[in-house]
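Worksheet: one structure, shown below.
Readers should treat all values here as calculations from the given coordinates under stated rules, not as data from a laboratory. Predicted, not measured: the structure shown is a model, and the values here were computed from it. Using ideal geometry, Cβ is built from the backbone for each residue, glycine included, and neighbour counts are taken over all protein chains shown.
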Amino acid sequence: MKPLLITLFILANVIFITQSGRDIHQLIWGSEPSILDQFDSEKAKARSEKKTEVLVDEYRSVDEEIRALEKGKGFKDVQDIQQEHQDLYQKKEALHSEISDRETKKREFRDVWIFTAYGAALVVLGTVLYRLRAVWPGLSLVIAGFTIFEYWASPSFFSGGAGAEFHALLVSKTVLTSIALVALYVVWRLVRSSPYETKA
C-alpha cells in the first residue's frame, strides 16, 4: 500500500506543479490581444465594450435592421443586400462572436467552481473513509476528487474574445491549482498519520 501511495503522491505533485506553471504563463501572456484585431474594427469595438447588455442591445438593433432589409426578398436580392451592406453584416458577426465567447466563459467559470467543490467534497469524504479504515473506497474517492480538481483547474488555451471573463477564469484556475496542491499535502499528512498506515 505504501509504494502505491508514494507513487500517487509523486504523480499528483508533478501534475499540479507543472499545471501551476501553465496557469501562471496563461495568466500573464494568455490573454494578449491579436495584432490582427486592428484590421477588424468591429471585432475590436465589440471586445472593448465592458457591458454585455450593451452588446446585446446593439446586436438586437442590427439584427432587426437586417431582417427589415431582407424581408420579402429572394435569395439573389439577399445576396445583393449583403454585398451592399457588408459593414452591417460584419458588425452583426462581430457582436455575435463576442457575445457567444462571453457566455461560454461565464458558463465555464460557473462550472469550474461547482465541479471543484464536488472534487473537494470527494477528497474530504475519501480521507475520512481512509482514516476509518475503509482504505480502498477512501483512496478511490481521494483519487477521483483530485482528478476532478486537475481537469477543471487546467488552464484554457483559447482566449478568443471575452477578455475580462477569460482573465477571471484564468485567475480562478490558478487559485484552484494552488488550493489543490495545498490540499494534496494536507491529505498526504492525514493519510500518513492514519491508524492504518502506522500499523501497515
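Here are the numbers:
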{"read-out": "Acute angle (nearest 10 degrees) that the helix 52-70 long axis makes with the longest principal axis of the chain, alpha-carbon atoms", "value": "40 degrees"}
{"read-out": "Whichever aspartates and glutamates have a C-alpha closer than 14 Å to that of K50, once near sequence neighbours (fewer than 8 apart) are set aside", "value": "E58, E98, D101, E103, E165"}
{"read-out": "Rounded to 10°, Cα long-axis angle of helix 135-153 versus longest principal axis of the chain", "value": "30 degrees"}
{"read-out": "Highest to lowest packing among 90-100, 10-20, scored as the average C-beta count within 10 Å", "value": "90-100, 10-20"}
{"read-out": "Cα gyration tensor shape for segment 79-174, rounded if a/c is under 1.5, else prolate or oblate", "value": "prolate"}
{"read-out": "Candidate lysines - alpha carbon under 24 Å from K43, same-chain residues fewer than 8 apart omitted", "value": "K51, K91, K92, K105, K106"}
{"read-out": "Net charge over other residues, Cβ less than 14 angstrom from the Cβ of L176 (K, R count +1; D, E count -1)", "value": "-1"}
{"read-out": "Karplus-derived HN-Hα couplings along segment 174-183 (A = 6.51, B = -1.76, C = 1.60, θ = phi - 60°), whole Hz, x at Gly and Pro", "value": "5, 4, 5, 5, 5, 4, 4, 5, 5, 4"}
{"read-out": "Phi to ³J(HN,Hα) by Karplus 6.51 cos²θ - 1.76 cosθ + 1.60 over segment 9-15, Hz, x for Gly, Pro", "value": "4, 5, 4, 5, 4, 4, 4"}
